[in-house]
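Below: the structure, in structure tokens.
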Amino acid sequence: KPRTFDETKDQIRSLLLSEAVAKNAREAGDAALKRLLGGESLETIAASAGVAVVDAADSGRQGIAHDSALLAEAFKLPRPAQGAVSKGLAKINDTGYALIELRSVVDGDITKLDDAARTAARDQLFGS
């Protein structure tokens with residue numbers, strides 16, 4: 001039997017509110033990215049939003065110190081030219097976005113891995 005409006009109104013209200021919050025967050029993220037791409041500093045944008053800039057230097061693809069969605073998006077950005085910065089926006093949850101400034105990329109060095117780590121990397125790459 002179909003439920004009545006009174007039985008579902010709280011659920012509907014919650015869903016509509018969640019959708020509105022997510023839409024507003026996306027719009028705020030897009031606006032912040034536009035400001036960043038327009039030359040405004042990350043620090044200025046963060047200050048206006050009441051948040052802090054977090055330096056994620058030396059973060060690896062599988063790093064645990066930072067949000068995995070943020071790292072995944074950072075690794076999709078183009079490698080910045082010497083002295084340049086790649087900029088992007090990462091969705092970190094349903095209502096959160098983070099700006100990214102990628103300043104440099106350090107290539108991995110397989111010679112620094114021990115045999116077990118090299119084997120694990122090879123197996124991951126080739127699916128064995």
Q: Scan GLY60, GLY83, GLY50, GLY96 and give me the residue that is out of contact with any strand residue (DSSP E or B) (no Cβ under 8 Å at 6 or more places or on another chain), closer than 21 Å to VAL21 by Cα and at pLDDT below 90.
A: GLY96
Q. Does any residue of region 105-128 turn out to be within 24 Å of the chain's Cα centre (by Cα), within 24 Å of THR44 (Cβ to Cβ) and not in a helix (DSSP H, G or I)?
A. no
(Q) Here's a check for you: in region 75-97, which residue that is open to solvent by less than 100 Å² (accessible area, probe 1.4 Å) and touching a residue at least 40 places away in the same chain (Cβ under 8 Å) is farthest from ALA46 (Cα to Cα)? (A) THR95
Q) Which of (1) in a loop (DSSP other than H, G, I, E, B); (2) of a type outside the set (Phe, Trp, Tyr); (3) in contact with a Ser or Thr (Cβ under 7 Å, 6 or more places away or on another chain) does VAL54 not meet, given it meets every other one? A) (3)
Q) Do you know which residues across region 25-41 are at pLDDT below 95 and surrounded by 16 or more Cβ atoms within 10 Å (Cβ to Cβ)? A) ALA25, GLY29
Q) In region 35-46, is there at least one residue being touching a helix residue (DSSP H, G or I) at 6+ places or on another chain (Cβ under 6 Å), of a type in the set (D, E, K, R) and assigned to a helix (DSSP H, G or I)? A) yes
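The values are calculated or read from the model by the stated rules, or taken from the named source; none is laboratory data. Since the model is a prediction, treat every value here as computed from it, not as a measurement. Reconstructed Cβ throughout: ideal geometry from the backbone, glycine too, with neighbour counts over all protein chains shown. Accessible surface areas use protein heavy atoms only, side chains included; no ligands, DNA or RNA. Shrake-Rupley method; radii C 1.70, N 1.55, O 1.52, S 1.80 Å.
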